[in-house]
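The values are calculated or read from the model by the stated rules, or taken from the named source; none is laboratory data. Remember, predicted model here, so these are calculated numbers, not experimental data. Backbone-built Cβ (ideal geometry, glycine too); neighbour counts: all protein chains shown. Quick note on the areas: whole protein, heavy atoms, side chains included, nothing else; ligands and nucleic acids left out. Shrake-Rupley method; radii C 1.70, N 1.55, O 1.52, S 1.80 Å.
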Amino acid sequence: MDNAIYIALSKQMVQFRKLDVHANNMANVNTPGFKENVMMMTDWTVNNGNRQKISFAQDLRQYRDIENGPMQQTGNALDLAIDGKAYFAVQSPNGTRYTRTGNFKIDPNGLLVNADGLPVSAVGGGTITIPDTAREISFGANGMMLVDGEEIARLDMVSFQNDQKLVREGNTLYADNGAGLQPAPEEDYKVAQGFLEGSNVKPVVELTELIDTQRRVSGTSNFIDTAYDMQRRALTAWAKTNM
C-alpha cells in the first residue's frame, strides 16, 4: 500500500508542476513574442528492496517551443516583428538581454527603448537616439533604422547556436547562458515594421491540456485519500483483533 501511495504522490507532484506550466502559458496568450513552455515527463524506475521494480513519475525537463508566433499588424512605426531566427538586443542593469518582443517606444531622453524602458542596442553595443526633429521613422528588413530618409543606426540582431540554453527572465527577456551568441545572418531573419509577433501559445490546445491536468490532479488526489482510508481501516481492524 505504501508503494502505491508514494507512486501516486510522485505523479501528483509532477501534475502540480505541469499545472503551473500550462497556467503560465495561458496567462501569456496575449503577450507579444512569448514562447510557450513544454514539460517533458518520464518514468523513474527503482528497486524497492524486494527484488521488485517500481516506477515513479518524473518531470524530466522543460523546453521552449521556439516556433514563430503569428504576425499581428498594428500600424505603429515603432512596433517591430522578427520573421525568422533572431533576437533584438536590449540593455538591462544586469547586462545585455535578448527578446523577440518589439513593441518599442521613445523615452523622454529620445532613446529607443522596449516596453520596460530598457534601451534597444545598436550594432556595436551603443544605444539609439532619435532626434527631436524626427518626422518619419522607418526600418529596413535587416534592422537598418532611418529617420527622415537618413540612416542613423542598425538594430543589433543576434542568434544563438542553441536557443534552449537561454535563461528566461520574466516573460519576454532572455539571458545568454552559454547558448553561443553570434550575429544573426541576414538571410535568417527579416524585420517587419508595423507588426508585432504574437504569442505562439495555442489557446484551445493549452486550455484542453490545463483542464485534463486538473482532472488528473483530482483523480490522483482521490486515489491517495482512498488509499489512506484503507490504511486507517486496516490499522483499526488490526488493533481491534489484538486488544
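Some points to look at:
- The residues listed here are F88, F56; of these, the one that is outside any loop (DSSP other than H, G, I, E, B) and either of a type in the set (V, I, T) or at pLDDT below 95 (or both) is F56.
- The sole residue among S138, S121 that is open to solvent by less than 10 Å² (accessible area, probe 1.4 Å) and over 22 Å from R64 (Cα atoms) is S121.
- Looking across segment 148-159 at every residue that is touching a residue at least 12 places away in the same chain (Cβ under 8 Å) and out of contact with any Lys or Arg (no Cβ under 8 Å at 6 or more places or on another chain), the one that is farthest from Y174 (Cα to Cα) is identified as G149.
- Single condition D163 does not satisfy, out of (1) in contact (Cβ under 8 Å) with a residue 40 or more places away in the chain; (2) charged (D, E, K, R); (3) under 18 Å from V120 (Cα atoms): (3)
- Scan segment 184-243 for residues that are assigned to a helix (DSSP H, G or I) and modelled with pLDDT of 90 or more and the total you get is 6.
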